[in-house]
1. For region 181-321, calculate the relative contact order in percent as a whole number, restricting contacts to Cα pairs under 8 Å that are 6 or more residues apart.
2. Within 10 Å, count the other beta carbons around each residue, average over each peptide in 171-178, 143-150, and list them highest first.
3. Roughly speaking, what is the stretch gain from residue 244 to residue 84, that is 0.36 nm per residue apart minus the C-alpha to C-alpha distance, in nm to one decimal?
4. Along Cα→Cβ, 7 Å out, is where each label goes; now give me the distance between the ones at residue 147 and residue 63 in nm to one decimal.
5. What distance in nm separates the simple spin-label points at residue 29 and residue 388, each placed 7 Å from Cα in the Cβ direction?
6. Find, to one decimal place in angstroms, the Kirkwood hydrodynamic radius of region 1-93, where the mean of 1/r is taken over every pair of different Cα atoms and then inverted.
7. Order of 325, 88, 407, 332 from fewest to most other C-beta atoms within 10 Å?
8. Which FRET efficiency, nearest 0.05, do residue 302 and residue 434 yield, Cβ-Cβ r, R0 22 Å?
């Protein structure tokens, strides 16, 4: 038999409580035992100079230096005078390629990569060879699980995975198993999944996990991080919960060949994701339900960036094939696409909240195929340049009570965009599109498609040479069609309903034609309906009715005839506002008492100069 070496690793320190805080156990005496309670003390020890000792003394910083145990002993229980003992494993005993695979110091297992510095490898309990490094990492993870939880610390370097790393709990929500897999940084510690793997890291059996400071490289159909429930009743049908994911980077090949997801998470629950970056992968996130008896979700995602490559891909996919995937809060979730037919956010679920989102170069920015009460509060968003089927916000027949807003919806020069496409069949809970600013660049054309229940409000446009369908634009205060109308609109589809707003005023663009349906109750004394259009002071106006009778106008009082022969009077008045605007008011003055007056079915106003 031979003696094993203990101590002198990154985790070999004595810590003791002092005044309610934890500090190093300076000069602490450490005795070694064969049991966690009672048992026999090991006294056949050797110090670093091979001199006999019966116990070990920590230095002034609480550090336990190197020493050797009795012959054939690869692990001992360490006691420093407290109420419990801690297992200490040998540095050079057991499995793991030069490390103590079954023993450990405190709750930390150190795994060194094949490319780690020599002194780091010497201090590690598990040492990888660069071929199938999942073996050593999985041993450390299993040891943590089997001992009630703990930390697996990966050193700097690259790790080759020939099989997925599985992090699992006990399939019982009432049993706490917490396992942490930590690296030294997303570029410093890199896990590379081999060809044909389902995923690099897989979470299951209702584990509570921490993943931090890691990089993952995938290809083919391999997912970066995946999870799945076993659907056991005691697991609550969840894969992981009360978990945290921080400072992770998932990398694809950047050539469009990857078809998997960076994060493919089945049945996640009550967890936090922070600072997640995805680059060069086929798809970004997929969060989905797996059992009808459980609605997973309740997660918080803070700052995620996804850059996907390939055609017909998705950056953020929330799906409910079983129970409803709900109540996830996405803050600063950004995405960019390189390919055709891609979707930024695709939702089949409820109560998703996207705040401060940027989306660029997608054929469809946001699509709710079905689901309710989702909120999308976006910053800068733009579809794919040159896309022939670009759409901004899409709601399917089963999508209702969803809300969309965007501070800057850019429409690239020459592109066509359907800004709103709403096909909801749930009229009692309409979808709302509001606070949207459209940047219509030269030659672009923006349209919309809505149902009777669709709510459009506070939608404005900056027309930088592009056009926007007039019915989409809505006055911020009145909920009416917005006063900015495109100058090339000759569709005669801009109907003004006086019943909706009796004091509506809107600008008239050059050569534009507007239909005005006049149905109103007139009140003697001028208190009835007024239809107004603002025009430049130098412009002349012409009215025609449905019978084609034209009446020229000039400054001052103007008389024109309607299709019914009733006389109206209008007046051009120079206003005091900037730009010397004039207003043309049409008002009935012929009736001495209240009457209902219908002037044909429509009047047409044409600005002729």
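Read the figures in this text as sums done on the coordinates, not as results from a lab. Predicted, not measured: the structure shown is a model, and the values here were computed from it. A quick note on method: Cβ atoms are made from the backbone with ideal geometry, for glycine too, and the neighbour counts reach across all protein chains shown.
1. Computed value for region 181-321: 21 percent relative contact order.
2. Listed from highest to lowest mean packing, they are 143-150, 171-178.
3. Additional length available on full extension: 54.7 nm.
4. Going by the 7 Å Cα→Cβ label model, 2.2 nm.
5. Placing both labels 7 Å along Cα→Cβ, they lie 8.6 nm apart.
6. 13.3
7. Ranked by crowding around the Cβ, least crowded first: 407, 332, 88, 325.
8. After rounding, the FRET efficiency stands at 0.30.
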